[in-house]
Every structure is written in C-alpha cells, then in structure tokens.
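The values are calculated or read from the model by the stated rules, or taken from the named source; none is laboratory data. All values reported here derive from a predicted model rather than from experimental measurement. A quick note on method: Cβ atoms are made from the backbone with ideal geometry, for glycine too, and the neighbour counts reach across all protein chains shown.
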C-alpha cells in the first residue's frame, strides 16, 4: 500500500485540514490521534521514536489500540529499554487514516453539515417527544417498551421456553441433524407442478391477447391516469401538450432503456427533446414512487393476487445493473465479478414490487433492507420481511424487532451460525453443541431507552433505517448503541434460528417468498431490453430514477396481466373448466409470451418500389 499511499498522501492531509472532524462521545483518544497525524504532515523521517510520538499527542500513545498485525508493521525493536520503541512513520500514518475512516463509519466521529457523516444524534427526537410517543408505540407493536426490565425479562423467557421446546422435539425432527457439532438441515425439495396446473397455464397462454409493450402501457395509463403525477414542477410553467402520450413515451424510453434517440425513431411524431424534457423537468423519484403506489393499490383490488399471498410477507433482494466502467459512480462487485450498481427491491408475496432503491456495489445490502417497508405507502403493508443471507446482521435483527418487523432471511450457512443461551446456567440435551455464550440482557435493559429513541425517530421520518444501520454496521468500542443493538439482535436471531430448525413450514414460506423476488429480478431484466441492458446515465439521481421507471413498467405489466388473466379464467370457468383454489395458488403474473417488446413491423407488398438501375454512375467519365 505504501506506493499508492505516496501518491495520495498530500491529498489526504488536505482533506484533514478541510474537514472539521468532531467526536460524538467524551472519549478523547481519537481526537488525540488526529493531532498526532496532523503533526506528521511535514515529517520525512522513516522512523519515529516513542518519545517524539508521545510529545506530539495530548495523551500517551496506547499500543492496545493496535491489532497484532498492525503492531508488527508499525512497532520496531520493541523491548529495547535503552532507546525505547520505534515506530515506522508511513505505516503509522496508514493506520491512523484507517482508524479515522472506521470512526466516521461507526458514528464516533462526524463532519458537521455533511450529507453522509453528520452527527446522527441531531436527527433523533428529544426526550419529551419520546416520552409522549412511547406508550402509543408500545401498544402499536404489542411489546412492553415502557418498562425496560419487563421487556428484557419477557424476551429472556421467550428464548428460554423456545430453546427448551426445540431441544425436546429435536429427536423427532426428520429434517435436521447435528454431526461433529455442526447443524445440517435437509434442503426443501421443489414440488413439481401438477398436470392440471400445467394444462390450466397453457389454456391461459392460448387465450391471452397478444399485445405490444406500448399498448400494454397505454391500456394501464388509461385505467389509472398516471400522467397526472407528472405535471409541471412550477405553477407558472405552461402545461405540456398530449400529456398521456408524452408520459407513455417517456416511460417506454427510460423504463425499457431505449434512450430518447431510439425512442423518437420508434414512436412517430415525438422528438428526443420532448421525451428528455419530461424526464428532466417533470419526473422525480418521489413522483415515480407515487405512481408506483397507485399501481400497487389498483393491483391489490383484484381477487387473483389474494390466492398468491397474504400481503403480510415481502422479500428484499438485489440484482446487478450494468454501468459503463468509465462512470465515476461505477463500482466493482466481488460476488457478480463485474462493474455496476445494485437494484434493491422489496417484492410482496402477491408478486408486486413495493419499493426499489439503487445502491452502490460496495454497500452492505442489509443496511437498506428496512427502508423499503418504512417508505412503503401502499395498501399492502407487510410485517414480515425475508431476505438473502446478507440480512443476518445482529443490529438489523435488533432494529427490525423494535420496529415491529419480523425479519426472516434465507439461511445458507446455518452450520456456521451460533445460538446464544438466555444465560450460562442453561444447558440442553440435544442441541447443546449449537450454543456459544449467552446474552447480556442487562445491557439491553440499560440501553433500551436509547434504542427506542432511534426506532421512534425512524417511525416519525426524522432519520432513515439505512442511515442508522450504516452507523451500527461498523463495530466501535465506544458506540454503546451498537453494542446494545448487537445484544438484542443476538436474542432475536437466536429465536428465529430455533424456529428455522424446528418448523418446516417456516422454511417453505421463506423459500417461496425469496423465489418470488428472484423471479421478479428476471422479469424486470426482460423488460429492460434496450441499450444492451446497460444504464447509460452518469448521474446518481438519474440512475435511481431509471431503476424506478423500470419498476413502474414492470408493475404496470403485472397489473395488465392480472386483469387479462382474471377475464380469461372467468371465461374458462364459464366453459366448464375446473378451477380450484390450489390451481390458482400455482399461477404467476410474470408472463411475457403474450407481449411483443419490439413493436409491430408493417409488411406492405403494395408499396411502390423503384426498379434496379445498374447504369447509375457516381461520377461522369469526363470527371474520372
């Protein structure tokens, strides 16, 4: 790292001069280390004596701050009593800069008035508001939150009772075994579709009318009048002509990724400037969200989606979107092995997408898992949230529990996960090997008031769940709020894992919900067929808008499919076709065989065509 650091050293020190870094706690160690780092700016020595380091700081340098690996790099000739310790200056600077980065991420340092790293405490509600809201919120989530001791005692008793019950039933559990201290759970076999379901699905496909994507969007727009959400931003601006046509064309352009130029070639009597103008001057993320909500509410009025889910479950999952590598906002994703960004979606168990967000590749996806439910304004209000393996963070479990959300992610590495006892006195006959350590319920009780301040601040819209989870996602020895949420998360996740081991139906529910979100990811990619599937925008807010355009198109197509499927099923039932509840449960609105993405091409054999003329000369003989 030293070669790269040498090139950026001056820039990093300039940043330190510009930024007004301040501490959120009474701990002065980081401020002292910051003084040391700034004192090294003009130093050119390869090594520093222990005495010179201590003199540059308000307090003595404590080697306990260093991990063993960093200590080996930074500290030289340790134990020489005559000369004392010697520090490698460049490695010391690197560690100090990394330490400051971690303190900013954890919220122990903040930058006043910044967007990402401001003091999050100022965004929280005050004590008076908390006291006024607490009883009502406690009744709403049905938890004894006004009494911290009662809350901790009840949670401990729930854990003790469930662990005891799972331990007693474990010998009869045919789907879970423990071998060499490792838990193994049998995979759930996917059920093959019934012959009757296949036949019904084929009948629906045969009877669905073929339609172009433009006609699909047009019909949905006529039903709902979504263009009304995209009026002029200023009341003084003249109204746009043909708003329905402009809206549908713009939606087709950005939701299917054709771009203004290609869309203008495909849709007659529309110029690229007209298409781009509506997007730039009339469309915003908030307006797109309102249109999405209207589509979701209309979809929820149909009877057919009620057979697919309870509306109480939603699954959060991300999918990779390609960006140009030259884009400064592009990041490399290790799991996908390419550059781009992540479209993060919350999909209801009734198949409709409730919320979308576009996030960088380097961000831990679980940070945004709660934002979708908090921002969801539709009639579908889930209280159980499923996610992939990344949703297993302790703080996420703790925060979701206090928000009244049942977090139930899919588990892939359960053999590596640990369970925690109510306290060290508890021992188990059959599942003892799965436990490691106990939960500090005293810590939960002591900091419950602080945690509830965060939770009610999120509920009131003062701060987003992702903002606080970014602070809680990085370990800090001074962040007591992190430690409290971590202990609460240990208890809540242990409760969930015990149920996951014990209940086959729970695992089936999780698998079904997560499968729907993965199917939705494939459906939106099918609709995003233009421009080789690459988001060409170079501005982050425009990239986020494109992801929402695409979600809106997908939801409109899903709504259209459900309306047509309902009519077809009604006609089939009238013709004597047997349609049962089980058959309806197995259907899906993610249908595309009836949709023509690329429009209609008119074959006109009556059109006059001039004959071939081989005698055409580009230049006359005299000019050659």
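Restricting to the stretch 256-280, and then to whatever is at pLDDT 85 or above and either in contact with a strand residue (DSSP E or B) (Cβ under 8 Å, 6 or more places away or on another chain) or part of a loop (DSSP other than H, G, I, E, B) (or both), can you tell me which residue is farthest from residue 526 (Cα to Cα)?
Across the stretch 256-280, the extreme among qualifying residues is 271.
Per-residue answers, yes or no, for (1) touching a strand residue (DSSP E or B) at 6+ places or on another chain (Cβ under 8 Å); (2) at pLDDT 95 or above:
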{"residue": "154", "(1), (2)": "no, yes"}
{"residue": "165", "(1), (2)": "no, yes"}
{"residue": "174", "(1), (2)": "no, no"}
{"residue": "185", "(1), (2)": "yes, no"}
{"residue": "211", "(1), (2)": "yes, no"}
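Could you tell me which residue of the stretch 229-248 is modelled with the lowest pLDDT, considering only residues that are part of a helix (DSSP H, G or I) and either surrounded by fewer than 11 Cβ atoms within 10 Å (Cβ to Cβ) or more than 29 Å from the chain's Cα centre (by Cα) (or both)?
243
Against the condition in contact with a helix residue (DSSP H, G or I) (Cβ under 6 Å, 6 or more places away or on another chain), at pLDDT below 90 and over 30 Å from residue 3 (Cα atoms), how does residue 130 come out, does it pass? Show your work before the answer.
Details: in contact with a helix residue (DSSP H, G or I) (Cβ under 6 Å, 6 or more places away or on another chain): yes; at pLDDT below 90: no; over 30 Å from residue 3 (Cα atoms): yes.
In short, no.
Going through the stretch 116-142 one residue at a time, which ones are under 19 Å from residue 488 (Cβ atoms) and either touching a residue at least 40 places away in the same chain (Cβ under 8 Å) or surrounded by fewer than 16 Cβ atoms within 10 Å (Cβ to Cβ) (or both)?
If the condition is that a residue be under 19 Å from residue 488 (Cβ atoms) and either touching a residue at least 40 places away in the same chain (Cβ under 8 Å) or surrounded by fewer than 16 Cβ atoms within 10 Å (Cβ to Cβ) (or both), then 120, 124, 130, 134, 137, 140, 141, 142 are the ones that fit.
Go over the candidates 521, 555 one by one and state the one that is touching a strand residue (DSSP E or B) at 6+ places or on another chain (Cβ under 9 Å) and crowded, with 20+ Cβ neighbours inside 10 Å.
555
Starting from residues that are without any contact (Cβ under 8 Å) to a residue 60 or more places away in the chain and outside any strand (DSSP E or B), keep the ones in the stretch 341-362 and report whichever is farthest from residue 552 (Cα to Cα).
Only one residue tops the list, namely 362.
How many of the residues in the stretch 87-115 are in a loop (DSSP other than H, G, I, E, B) and without any contact (Cβ under 8 Å) to a residue 12 or more places away in the chain?
The number of residues fulfilling the criteria is 3.
If only one of 113, 151, 87 is crowded, with 17+ Cβ neighbours inside 10 Å and more than 30 Å from residue 421 (Cβ to Cβ), which one is it?
Details: 113 fails: crowded, with 17+ Cβ neighbours inside 10 Å; 151 fails: more than 30 Å from residue 421 (Cβ to Cβ).
That would be 87, the only listed residue that is crowded, with 17+ Cβ neighbours inside 10 Å and more than 30 Å from residue 421 (Cβ to Cβ).
Could we say that residue 42 is closer than 23 Å to residue 107 by Cα, surrounded by fewer than 15 Cβ atoms within 10 Å (Cβ to Cβ) and out of contact with any helix residue (DSSP H, G or I) (no Cβ under 6 Å at 6 or more places or on another chain) here?
no
Among the candidates 251, 278, 258, which residue alone is within 18 Å of residue 353 (Cβ to Cβ), in contact with a helix residue (DSSP H, G or I) (Cβ under 8 Å, 6 or more places away or on another chain) and surrounded by 17 or more Cβ atoms within 10 Å (Cβ to Cβ)?
Of 251, 278, 258, the one residue that is within 18 Å of residue 353 (Cβ to Cβ), in contact with a helix residue (DSSP H, G or I) (Cβ under 8 Å, 6 or more places away or on another chain) and surrounded by 17 or more Cβ atoms within 10 Å (Cβ to Cβ) is 251.
Could you identify the single residue in 375, 393 that is under 16 Å from residue 465 (Cα atoms), in contact with a helix residue (DSSP H, G or I) (Cβ under 8 Å, 6 or more places away or on another chain) and surrounded by fewer than 22 Cβ atoms within 10 Å (Cβ to Cβ)?
375
If you scan the stretch 4-47, which residues turn out to be under 16 Å from residue 94 (Cα atoms), in contact with a strand residue (DSSP E or B) (Cβ under 9 Å, 6 or more places away or on another chain) and in a loop (DSSP other than H, G, I, E, B)?
40, 46
Could you please find all residues in the stretch 495-538 being over 30 Å from residue 432 (Cα atoms) and outside any helix (DSSP H, G or I)?
Across the stretch 495-538, the qualifying residues are 528, 529, 534, 535, 536, 537, 538.
What about residue 299, is it touching a helix residue (DSSP H, G or I) at 6+ places or on another chain (Cβ under 7 Å) and exposed (fewer than 15 other Cβ atoms within 10 Å of the Cβ)? Spell out how you get there, then give the answer.
On the way: touching a helix residue (DSSP H, G or I) at 6+ places or on another chain (Cβ under 7 Å): yes; exposed (fewer than 15 other Cβ atoms within 10 Å of the Cβ): no.
Judged against the criteria, residue 299 is not a match.
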